[in-house]
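Below is one structure; the comments refer to it alone.
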Amino acid sequence: MTKPDGVDDEKRATLRRFAALGAASPLVGRADTAAAETGESDARDAIAGYLSTTPGAHFSKIRDDLQLGTGETQHHLRRLEDAGAIERYRDGDYKRYVTAGRFDEFEKRALGYLRRETPRGMLIELLLTPSATAADLADALEVSAPTVSKYAGELEEAGLLSRADGYAVERPETVLVLVVRHADSFGDRARTLARNADGYLAYQGDDAE
């Protein structure tokens, strides 16, 4: 159902759900009188809230998931950047966004690859089963061996994967925390990992000694 102001109920509910998260951030500045007067505050807070749960999302995903227009999304992202609430970074052909000051460069690269289905699957499988081989990954993800090899090369170049002795996730504790903290935005396999995170964290810690 569309309201007289042109915002339908589904979009309004989505914006309000994420706006409640965004409003909790002191960086967003809900006291922006102009935004409040023009009805922009919900959309801006929603983007901030969305990025707190879905860091590393690219422009089109933000726009589509929040049911915003292209110009509207560009406007609010720019205002949030200008306010120092969010950061934008380049990931290949994508412009990705995160909450400002929350992630280091390694984490930003990791988030970029965790937002891609096959690399995410590879990293999660290796966290679950550190001894997994390229063939194991191909079977688990139902992709070809050349696909695994291609992404393994990209992950290695990005500093997220070592191929010195089989496959091993670099800074596994950091990647694990990213997956667990934002599991709902990464899908079912991530949620499975999150449910058993304590055991994997203990395992990684023991392995690092």
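Taken together, the values in this text are just the output of simple stated rules run on the coordinates, not laboratory data. Keep in mind that what you see is a predicted model, and the values were worked out from it rather than measured. For neighbour counting, all protein chains shown are included, and Cβ atoms are generated from backbone atoms with ideal geometry for every residue, glycine included.
Averaged over residues, the count of other Cβ atoms within 10 Å places the peptides 142-153, 172-183, 48-59 in the sequence 48-59, 172-183, 142-153, highest first.
In loop segments of segment 69-102 as defined by DSSP, the trypsin sites (Lys or Arg not before Pro) with at most 14 further C-beta atoms inside 10 Å of their C-beta are ARG102. Summarising the amide proton neighbourhood of LYS95: residues at separation of 5 or more, or on other chains, whose placed amide H is nearer than 5 Å comprise PHE59.
Dividing the mean sequence gap of close Cα pairs (under 8 Å, 6+ apart) by how many residues segment 35-174 holds gives a relative contact order of 18 percent. Summing +1 for each Lys or Arg and -1 for each Asp or Glu among the other residues whose beta-carbon sits under 9 angstrom from that of LEU141 gives -4.
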